[in-house]
Structures are given as structure tokens and as C-alpha cells.
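Each remark here refers to the structure printed beneath this line.
The values are calculated or read from the model by the stated rules, or taken from the named source; none is laboratory data. Everything numeric in this text was worked out from a predicted model, so none of it was measured. Note that we place each Cβ from the backbone using ideal geometry, even for glycine, and neighbour counts take in every protein chain shown. Ligands, DNA and RNA are stripped out before the accessible areas are found, and what is left, the full protein with its side chains, is counted by its heavy atoms. Shrake-Rupley method; radii C 1.70, N 1.55, O 1.52, S 1.80 Å.
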Number of protein chains: 2
Amino acid sequence: MKFGGTSMAGTERIRRVANIVRAQAAGSGDKGASEVAVVVSAMAGETDRLVNFCREANALYDPAEYDVVVSSGEQVTSGLLALTLQSLGCRARSWLGWQMPVETTAAHAKARIESIDAPDMVESMSKGEIAVVPGFQGVTENGRISTLGRGGSDTSAVAVAAAVKADRCDIYTDVDGVYTTDPRIVAKARKLKAVTYEEMLELASVGAKVLQTRSVGLAMKEGVRIQVLSSFVGEDAVAADQLPGTLIVSDEEMDQLVEDGLMERQHVTGIAHDKNEAKIILTRVPDKPGAVAHIFEPLADASINVDMIIQNVGRDKGETDVTFTVPQADLPRAQAMLEDRRGDIGFNRIITDSKIAKISVVGVGMKSHAGVASTMFRSLSDRGINIQAISTSEIKISVMIDEDETELAVRVLHTAYGLDAAD
Amino acid sequence: MKFGGTSMAGTERIRRVANIVRAQAAGSGDKGASEVAVVVSAMAGETDRLVNFCREANALYDPAEYDVVVSSGEQVTSGLLALTLQSLGCRARSWLGWQMPVETTAAHAKARIESIDAPDMVESMSKGEIAVVPGFQGVTENGRISTLGRGGSDTSAVAVAAAVKADRCDIYTDVDGVYTTDPRIVAKARKLKAVTYEEMLELASVGAKVLQTRSVGLAMKEGVRIQVLSSFVGEDAVAADQLPGTLIVSDEEMDQLVEDGLMERQHVTGIAHDKNEAKIILTRVPDKPGAVAHIFEPLADASINVDMIIQNVGRDKGETDVTFTVPQADLPRAQAMLEDRRGDIGFNRIITDSKIAKISVVGVGMKSHAGVASTMFRSLSDRGINIQAISTSEIKISVMIDEDETELAVRVLHTAYGLDAAD
């Protein structure tokens, strides 16, 4: 079980979390007791407070000491949740990153979990003691505290679930599951009973920010079944081990769910949108072998993620316009880098535009079904929405459009693929 | 060097601390560079905030989890001080209790340090890296975080000083040294250049709360020289290694200081007062062997510290009144315990009085000088102050008086022993 910062903000809310944990541990009806590990975030706002202290102390902070400071937020909430569980009559104890231990790389402030070897914790859980684990933190080979970077608690939860061979990793959050699209845009969006890891990765990477992308990748690699659900769920539903949220599972389990009639197979599972990309056009780039490498190699070296790429036929022979997208936050850096290499690349002008949006239709069903792309293009064209670029993967088709048309495009596609909920 | 919570309250103040630490590490003039370890408290108010969280979570909190929560305050300030020192161009790193490690007993929330074996830290210091150590915390044999109880950071500082074989343990606080008496009572109180461990223990245990008593005892045992000084000291004085505060040293070093003409030997070093005791009178206790043991054994078993004891001759033959003092905070518990054992003890009434004060004159000089006691009794009697009880040790004479006469008695004695500063 994993609870985020909003759920842990203050002793009142921690008590509600403890009641949910107790219900899961105790079970009810046919559902017997469960061994439970709980991963917690810092109280909402606390990590920001600690990060600000670090900035005030030293603008160019040493990430190793930054980790010492910011990891304390989760240390506090894990101790408090253990105390609260005890006050409800449960046996519980905290296991800090260096105690389990959660071994990570030495890349402080953005470490990656390498392994979790927690025989003592597993033994303690097998004796009925609830394990409370601070998310976001680990320990390096040198015995120093490390953190995984902001939002790392989801990844901690999946890693702990893998380490204890959990049946499931339940991620409690402020939404009650994964929807066919953003319900703030489409009132008829439906909550999905299940999605596959790959679908979730595509939905997450294009803006449906329910889970940290890295945590989904890890779950897929380790075969950890995730449920995303609301922290306002009823304790009875938890005790009975009902599944009120959205399961994130392997292709095989999804096939089984369809076979068992628990899920209906759709060609398209969901529609995602992303307004955080920016478009760069380089005009009159020499149309010769190697020219494109001059553009994209330095961007890759600087860890700037290039997404869509289109090469237009230029006005003059032997020249071409190259269009691509980068995250808006990286736009100034990308632009400066390209200007620096103007001589090598040999372009005429840089044109940038951050008023674009990327709309994606996602679904494992489209692998075996032609016609998904043509439905997309026709529906958008019928409403006069201009497609500036297209990219595809096995389970996703994305188009770049004018940012102002985002909501319209999402609604049109949601209807076109038959995703609207019945009235 | 040790800095308390007021000195660490916020990044502005931590910067002032960092400047003092840098001055000590760098040195000036004849005084070369020093290897420095700094022990820090949590930001003022932070430990209270964390303790309150624990109380809200679970009134009967598990001290092991309490320690996980409250130790985070010092973790934060040690990381922040390391960062701030780095921003001033110093090399610095934090060493948490479990990293050094500071091994303690398993008595969570009131652990005692058993040993500090810190070869890595000593090596790092020898290479010019400033060690920043969170006070108050350690680690048990089972690898769990422990804390030493409130005010334990002074003890941490002395223990670290002993472990690294420090020349001196400088404890920075909100007073600029140890005075002949409380300057709020006697305007002519003088700051002492030096006191012995034993004097400091007597002064501390009777209410001169500059240092935690346990830290002084540890310093005496380990032979750690302490300096108490103000955190508002000038950086130049620190860099030149002047000694603006009060040294706390062994008898031998004190003799040397007197021989060198740096200190004047006084019969009485200081006057302390303590209003936190309460008096208990048990009337008509059978005057027979073993009766007194029935009173004091159960109190000792319950860790209630009995200080002064007087046995009065009773009105009737074969009976006596027994008077003694206990800390005010323990009065209700002591009273209940005595009532429980009324049958065994066989007293008539319990009379209690918390409006008493204990006034003590302290000085190693009185060992070799008669007449100190008679000066005390005569001076108080001349001013009409009634002495209710007397207790003595080799270097201390204490009297119990009415609480309302505390300030008057302190002033009278300060003058009588020639301690008043010249105008």
C-alpha cells in the first residue's frame, strides 16, 4: 500500500490512512488477514519546505547533504504512521531506507534503486507486524542517504512490492483510478477496470499523470500488479479486498480478464493530451547524409528528449525543413545549443512554437486492428482540426495540433472511438 | 564545537554558526588551522513540534518510533550546516548517528552512549573536512535510531570530543559563561574564567542550568576540557583561539591555572539556587531499625531522587518525624507511593510543601578551609532567614529555606563570600 503526501498531511489524516491499512491487514468475510507493507510520502508541503532550506543554505547544494535534509520528511511520516497503527491495536514498525536496506546508485537526489534485500522485514511481516517504509529514500554503497528524485515514492512502493513478492501494490491517490481521458475535459470519461503496463506508460508519458512513469516501467519489469485507487475509499471495501480502482497488469492478465468477461476488449483504451511540448523548425537544412545527426546528437547528449520529428521537402533543391518537438522546459537550452552549432548543421532560421499540443490515442487493441489511425485522421479533419505532425508506436498514435484545439480534439476522439459512458 | 537550538533556528542563524566554525577551522595569526567536528541541535521549536506529532498519533507512544520521528530535527540541521559551510568554501559533511556510529543502549528516548568508534570520520577530519554531527541521536545494537532524551546534545558533544580526542569541547550557548551566581538575581555576579568538573556538577545539579549534568559527568570521566561560551562571540576571537567563555577542567588543571596566576583560588566559587524541589514530612514514624528503609527503598526503585533527609525527634518516645525532599515533578507519584505503603512504614500523616528553595554554596576551596559553613549560617541568620534543613558534600553546603527568601539569601551569601564584582 502506498499513500501520498496529501493523505499524510497531519496526524488526523494519518489516522484515516491507518484505519485503511488496518482494514487491509485484518480482512473481512472470506478474505482473511494480509501481510502488509505501507510506503509513505512526506506530509504535503514538507519536502518543499526542506528543499527551500537547502536552497537558502547553499544555492549550489551538495546533493548528498540535500538528501540528508529532504529524506527526513518521509522518516517523520513513517514513524508517525507506525505509532498511529499501534494506537489502533496493530503491531507495526518503520523500516528506513538504510535499515531495510534499499540500495541505490550514488546519484544523489536522483538515485535509482538497485536492489532491496529485506529478510528481516519479510520475517517481521510474516509474524503479523505491519512494515512502514518511507518512500523516496535509500542508501548508497558508501552508506549515505540517497533520494530518488521528486515523486519517487511510487517507485519505492513498486520496488518494495517486488522485494516482498506482494500480490499487489495498491497506490492510493487523489483520483479513484485511470480514466479513458481527463474527466475535466470529457464529462463522459469512464474509469477503466484495468489497463496494461504499456498502455499506462503511454498514457503517463503523454500527460495522464496518475503515476510516476518510472514506477510503471519497474512494475512491468518486475511483474508487480498495481491498483490505483482513491484514498477516500471505504474501509469495508478494503477489508473485503474489493478492487474499486484501476488495475495495471501484464498483457497476459489483461487477456485473461477479457476471456473471463471481466473486461471488454476495446481497440482504443484511452485518449491522452500533453501541452508541455514545444515545436522547433530549422529551415533550409542541407539535405545530405549525416545532416540530421548534427541536429539530434548534441540534444541527446544534453538529455533533451526529442519526440516527434518531421522532415519536409524544402523549397529549394538539396535543402529541407526539419521540425521536431522537445519539452517546453528544455526549449531555451535546446535553442541555445542549436544556435551554437549553426555552422555544423547549416540551417537558415530557427522557428519555435510552444502553442502546440500532442493528442494520443492509446490501446493494445490497435495492434491487431487496422483502421484506428484512419478513424483518428477523419474525425479530426471533419471538425476542421489541422494535423501538423504524426508519430506512432505499436499501441499509440499521436498527432500534433494547435494548443487551442486540445479540448475539442479530445472530445471528438473520445466519441469517435466509442469511449463515452452511457447516460 | 556544539551549537544549540536557538543558534540553529533558521538558515540565517545557521550561516552565523557556519562563520564561527569556519573561523575556528581556519585559525589566524600564531594559531594555525584546526580539525573541527561540530555537534548541532534541532532548530528551536522543532523537537517540540515533532514530540507533539507523536503525542497526537499515540498518547502511549512506542519510544522506538518516537526516536525515528524526533531524531529527524537534528538530521535536518546537520545537513543544512554542512551545506552552508560548503557555501563558505569549507569542505564539510554530515555524519548521522548510525553512520559514525554512535552506539547507545536500547533504552529508546533516554538512551545512553556506550561507545563511538568513528575511524572514517577521524580520517575525513584529518584531511581537512569539517564533520557535522547531529546531537541527541545514536543507534542501538539492533540498528534502530535512538535518542538520548531532551538536552542530550551536550552529552553528544562531549562524547564526540572524547572519541576524536579533541583538545577542547566548546559549547556555544545563550550565556557567555558560568557565573558566580544567577546574574538576574545578583547584578554584581562575575563570570568565572574556570571551574572544576565537580564544581560544575554541583552548580548544575542545583539549578545553574548552563550544561546538561550528564555531559559534565561524562567530560570528567573522559577528561574532556569544556569551554562554555556565547554564540554571539566575535569570529576574530574564535580564529585566534582566545578563550572568552568559562573553562570546565580537572582539579589538576585548575591547580595549574592558579599556580600560573591565571585564576585566583577562592574558598567558594559560586552560589546556586533551586526552586524545583518539594518537601515531604512523614509524622510519627516508628523510631526503630529498618523503618527508614521502608520509606526510601520504594522511592529509589521508582527512580525518584531523594535529596535532603532530616530525622526530627518526635513528640512521643519511640516515634520520629522524617523530612526529605524530592523533585517537584515527582511529588504526586511519591505521595501516592507512600500512601500505598502506609501500613509497612507506619506513619501518621503526610505533609507536603513545594514552596521551598535549596541554596547551595559550592567550591573546591572549601575542602581545605574550615569556616565556610559557619559563614553561611551566620549570614542567613543575621538577615532573619530560617534554615529548615542542611546537607553537605565535600565541595558543597546546601540549606533548605522558604521559597520567598530565595533571592535575598543568594544576594546575602554572594556578598558574604566576597564574590561581588568590583564596581
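Condition first: touching an Asp or Glu at 6+ places or on another chain (Cβ under 9 Å), assigned by TED's automatic domain parsing to the domain that holds A:Glu277 and at positive phi. Can you find one or more residues in the range A:303-311 that meet it? The answer is yes; a qualifying residue exists.
Does B:Thr77 count as in a helix (DSSP H, G or I), under 22 Å from B:Val38 (Cβ atoms) and in contact with a Lys or Arg (Cβ under 9 Å, 6 or more places away or on another chain)? No: the conditions fail for B:Thr77. If the condition is being closer than 23 Å to B:Asp404 by Cα, within 29 Å of the chain's Cα centre (by Cα) and not small (Gly, Ala, Ser), then the range B:314-353 contributes B:Thr323, B:Phe324, B:Thr325, B:Val326, B:Pro327, B:Gln328, B:Asp330, B:Leu331, B:Pro332, B:Thr352, B:Asp353.
The rows are residues; the columns are (1) out of contact with any Leu (no Cβ under 9 Å at 6 or more places or on another chain); (2) without any contact (Cβ under 8 Å) to a residue 24 or more places away in the chain.
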| site | (1), (2) |
| --- | --- |
| B:Gly245 | no, no |
| B:Val258 | yes, yes |
| B:Ala272 | no, no |
| B:Thr283 | yes, no |
| B:Asn305 | no, no |
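For the range B:395-414, the set of residues classified as in contact (Cβ under 8 Å) with a residue 60 or more places away in the chain and open to solvent by 30 Å² or more (accessible area, probe 1.4 Å) consists of B:Glu403, B:Glu407, B:Arg411, listed by residue number. Count of the range A:110-120 residues, restricted to those that are within 13 Å of chain B (Cβ to nearest Cβ) and buried (at least 19 other Cβ atoms within 10 Å of the Cβ), is 1. Only a single criterion out of (1) in contact with a helix residue (DSSP H, G or I) (Cβ under 8 Å, 6 or more places away or on another chain); (2) modelled with pLDDT of 95 or more; (3) not hydroxyl-bearing (Ser, Thr, Tyr) is not satisfied by A:Leu60, namely (2).
Among what's in the range B:173-207 and is under 19 Å from B:Phe3 (Cα atoms) and part of a loop (DSSP other than H, G, I, E, B), pick the residue that is nearest to the chain's Cα centre (by Cα). Looking at the filtered set, the residue picked out is B:Val178. Could you please let me know if B:Asp353 is more than 23 Å from B:Ala204 (Cβ to Cβ) and touching a helix residue (DSSP H, G or I) at 6+ places or on another chain (Cβ under 7 Å)? The answer is no for B:Asp353.
I need the full set of residues from the range B:158-172 which are more than 13 Å from the chain's Cα centre (by Cα) and part of a helix (DSSP H, G or I), in order please.
Residues satisfying the conditions are B:Ala159, B:Val160, B:Ala161, B:Ala162, B:Ala163.
For the structure I just gave you, tell me whether A:Asp340 is acidic (Asp, Glu), in contact with a Leu (Cβ under 8 Å, 6 or more places away or on another chain) and not assigned by TED's automatic domain parsing to the domain that holds A:Glu252. No. Exactly one residue among A:Ala18, A:Ala42, A:Ala59, A:Ala9 is open to solvent by less than 10 Å² (accessible area, probe 1.4 Å) and outside any helix (DSSP H, G or I), and that residue is A:Ala42.
Quick check, is B:Asp182 of a type outside the set (S, T, N, Q), modelled with pLDDT of 95 or more and more than 30 Å from B:Pro63 (Cα to Cα)? It is false that B:Asp182 is of a type outside the set (S, T, N, Q), modelled with pLDDT of 95 or more and more than 30 Å from B:Pro63 (Cα to Cα). For the structure I just gave you, tell me whether A:Glu123 is of a type outside the set (Gly, Ala, Ser), part of a helix (DSSP H, G or I) and either without any contact (Cβ under 8 Å) to a residue 12 or more places away in the chain or more than 12 Å from chain B (Cβ to nearest Cβ) (or both). Against the criterion (of a type outside the set (Gly, Ala, Ser), part of a helix (DSSP H, G or I) and either without any contact (Cβ under 8 Å) to a residue 12 or more places away in the chain or more than 12 Å from chain B (Cβ to nearest Cβ) (or both)), A:Glu123 qualifies.
Tell me yes or no: at least one residue of the range A:195-204 is crowded, with 23+ Cβ neighbours inside 10 Å, in contact (Cβ under 8 Å) with a residue 60 or more places away in the chain and touching a Gly at 6+ places or on another chain (Cβ under 6 Å). Yes, that holds for at least one residue.
The rows are residues; the columns are (1) crowded, with 19+ Cβ neighbours inside 10 Å; (2) within 14 Å of chain B (Cβ to nearest Cβ); (3) within 24 Å of the chain's Cα centre (by Cα); (4) at pLDDT below 95.
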position: A:Phe3; (1), (2), (3), (4): yes, no, yes, no
position: A:Ala33; (1), (2), (3), (4): no, no, no, yes
position: A:Glu74; (1), (2), (3), (4): yes, yes, yes, no
position: A:Leu81; (1), (2), (3), (4): yes, yes, no, no
position: A:Gln99; (1), (2), (3), (4): yes, yes, no, no
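Condition check for A:Arg91 on (1) more than 19 Å from B:Ser71 (Cβ to Cβ); (2) surrounded by fewer than 23 Cβ atoms within 10 Å (Cβ to Cβ); (3) touching a residue at least 60 places away in the same chain (Cβ under 8 Å): one failure, at (3). In this structure, B:Ile385 does not satisfy being within 15 Å of B:Asp307 (Cβ to Cβ) and either in contact with a strand residue (DSSP E or B) (Cβ under 6 Å, 6 or more places away or on another chain) or open to solvent by 10 Å² or more (accessible area, probe 1.4 Å) (or both).
The sole residue among B:Val158, B:Val178, B:Val133 that is within 14 Å of chain A (Cβ to nearest Cβ), open to solvent by less than 10 Å² (accessible area, probe 1.4 Å) and in contact (Cβ under 8 Å) with a residue 40 or more places away in the chain is B:Val133.
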